[in-house]
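See below for the structure under consideration.
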Amino acid sequence: MKITIFGSGYVGLVTGACFAEVGNDVLCVDIDEEKIRRLQQGEIPIYEPGLEEMVIENSREGRLRFTSDIAEGVAFGLFQFIAVGTPPDEDGSADLRHVLSVAESIGRYMEDYRIVIDKSTVPVGTADLVQQKISSVLAERGMTYDFDVVSNPEFLKEGDAIGDFMKPDRIVVGVDNPRTKELLRTLYAPFNRSHDRFLAMDVRSAELTKYAANSMLATKISFMNEIANIAERVGADVEAVRQGIGSDSRIGFSFIYPGMGYGGSCFPKDVQALERTSRQFGYDARILQAVEAVNHDQKSSLVDKMKQHFNGELKGKTIAVWGLSFKPNTDDMREAPSRRLMEALWDEGASVRAYDPVAMDEARRIYGDREDFELVEHPDHALKGADALAVVTEWMVFRSPDFEMMKKELNEPVVFDGRNVYNPDMMEQLGFSYYSIGRLPRCSS
Ligand code: UDX
């Protein structure tokens with residue numbers, strides 16, 4: 001089948017590569033000519049395991065092509081995926097400028113029936129706006145071509161996006177026209193194996209499903225962070241509590257790890273956007289507000305502990321930071337807890353010496369050459385002469401460090417573990433002052 005994908009960012013590229021992988025002809029369109037030129041040469045602008053190989057292989061086979069020619073894109077695919085960015089507005093609502101600009105282009109250049117598919121995460125009601133935009137441009141042209149607008153949210157995890165696309169838990173499609181529904185079922189058939197995962201529903205429910213899924217997951221995390229905060233105060237161990245509640249199959253073990261709060265491109269943005277949508281429709285979404293507030297504070301929890309340890313005086317201290325990306329296996333630092341932590345440290349007059357396995361370029365891009373920020377090429381190099389270590393992202397390479405060496409290199413053996421990576425008893429035996437999230441013992445010296 002012929003597929004056009006507008007937007008060669010994270011979602012667009014993964015979607016395009018995966019559809020090509022199962023034999024479709026895919027044309028990816030992006031207005032960024034430099035990005036397209038690099039993609040044509042097999043250079044991938046993002047870090048995602050397996051994506052580069054998939055893009056190169058499918059490009060070589062001629063199934064995956066890239067262009068910045070929008071008219072060519074509209075002419076190409078029966079399926080026109082919109083996978084452009086929806087960054088948050090000043091007030092947290094999703095900015096639909098790019099989505100509507102693609103809709104306008106489709107209206108301007110279409111010469112035949114098209115199925116327009118919203119893949120970007122867009123607020124409830126966006127499919128209607130896309131429909132109106134295309135209709136109004138067609139009316140200006142004096143044309144009456146038929147088209148359908150479908151909502152097909154993505155549920156891709158960074159770091160495992162290819163796996164999520166190729167073997168999805170579910171394929172949610174919001175579609176009103178029964179004939180279009182069958183075409184989409186056929187399009188997704190290669191990914192819909194073992195049992196039927198194709199969930200067709202009305203357009204608005206599909207749009208809301210995406211926000212509901214991410215908000216539910218974010219709620220689990222904030223809930224658990226709240227329990228960790230309570231555990232610290234009442235002298236309980238959140239690790240025991242996590243196992244105690246996760247073993248109830250109604251609760252489950254996933255997404256109940258306390259930490260430094262959720263980050264990334266989805267959860268923070270989607271919780272906020274759903275909260276704004278609710279408000280626009282006259283409903284005060286109190287749980288969502290609380291989820292966001294808990295997450296906001298949680299990102300500062302390590303700094304609070306540092307202040308406590310250093311008697312409020314962080315000025316002049318050097319803190320080693322391990323991990324900058326918002327989670328392992330990505331270079332993405334959007335809404336990363338590391339950012340809040342480092343910015344708070346800088347505000348207090350402390351310096352940061354940081355290491356991350358893949359996000360160093362991204363950190364350099366964001367923070368440039370600050371005097372109080374140094375990036376080092378090896379985790380151990382961050383430790384020498386630092387006053388404490390903060391573990392911010394749970395990359396595998398941080399899990400089994402040489403603790404004796406760590407003790408020697410640090411000015412003082414103090415570790416602030418924002419991801420509960422190390423065993424508190426072991427850290428105590430090794431003679432560290434060890435702070436983690438909601439566990440016992442929280443500090444021993
Ligand atoms: C998420 C959803 O999982 C995906 O389905 C959706 O389409 C996009 O958003 P992603 O942002 O890539 O994907 O990250 P994910 O692996 O879900 O983690 C999100 C954040 O939650 C990370 O900051 C992670 O550290 C945090 N997290 C996760 C916790 O703090 N505790 C947990 O138990 C799980």
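The values are calculated or read from the model by the stated rules, or taken from the named source; none is laboratory data. All figures in this text were calculated on a predicted structure; none of them were measured in a lab. FYI the Cβ positions are ideal-geometry reconstructions off the backbone, even for glycines, and counts take in every protein chain you see.
Worth a mention:
- In the set V130, V124, V137, V116, only one residue is surrounded by 16 or more Cβ atoms within 10 Å (Cβ to Cβ), on the phi < 0 side of the Ramachandran plot, touching a residue at least 12 places away in the same chain (Cβ under 8 Å) and within 23 Å of the chain's Cα centre (by Cα); that residue is V124.
- Every pair of residues 6+ apart whose Cβ atoms lie under 6 Å, when the first sits in region 213-228 and is more than 18 Å from D417 (Cβ to Cβ) and among the hydroxyl-bearing types (S, T, Y) while the second is within 10 Å of the ligand (Cβ to nearest atom) and assigned to a helix (DSSP H, G or I): S222/N295
- Residue match in region 420-430 (condition: surrounded by 14 or more Cβ atoms within 10 Å (Cβ to Cβ), touching a residue at least 12 places away in the same chain (Cβ under 8 Å) and within 16 Å of the ligand (Cβ to nearest atom)): yes
- Filter pass, V84 being farther than 22 Å from R279 by Cα, under 18 Å from the mean Cα position of the chain (by Cα) and buried (at least 24 other Cβ atoms within 10 Å of the Cβ): yes
- Checking each residue in region 376-417 for being buried (at least 19 other Cβ atoms within 10 Å of the Cβ), part of a loop (DSSP other than H, G, I, E, B) and either in contact with a Gly (Cβ under 6 Å, 6 or more places away or on another chain) or without any contact (Cβ under 8 Å) to a residue 40 or more places away in the chain (or both) picks out V392, T393, W395, P413.
- Given (1) without any contact (Cβ under 8 Å) to a residue 24 or more places away in the chain; (2) within 30 Å of E377 (Cα to Cα), number of the condition F281 does not satisfy: (2)
- Matching residues, region 356-370, being out of contact with any strand residue (DSSP E or B) (no Cβ under 8 Å at 6 or more places or on another chain), surrounded by fewer than 19 Cβ atoms within 10 Å (Cβ to Cβ) and more than 17 Å from V397 (Cβ to Cβ): D361, R365, I366, G368, D369, R370
- Residue that is surrounded by the fewest Cβ atoms within 10 Å (Cβ to Cβ) [pool: residues in region 274-311 that are among the basic types (K, R) and closer than 19 Å to R339 by Cα]: K307
Residue-wise test of (1) assigned to a helix (DSSP H, G or I); (2) buried (at least 18 other Cβ atoms within 10 Å of the Cβ); (3) modelled with pLDDT under 95.
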position	(1), (2), (3)
L199	no, no, no
I256	no, yes, no
S265	no, yes, yes
Q272	yes, yes, yes
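- Looking only at residues of region 142-166 that are over 26 Å from the mean Cα position of the chain (by Cα) and surrounded by 13 or more Cβ atoms within 10 Å (Cβ to Cβ), we find that the one that is nearest to G264 (Cα to Cα) is D148.
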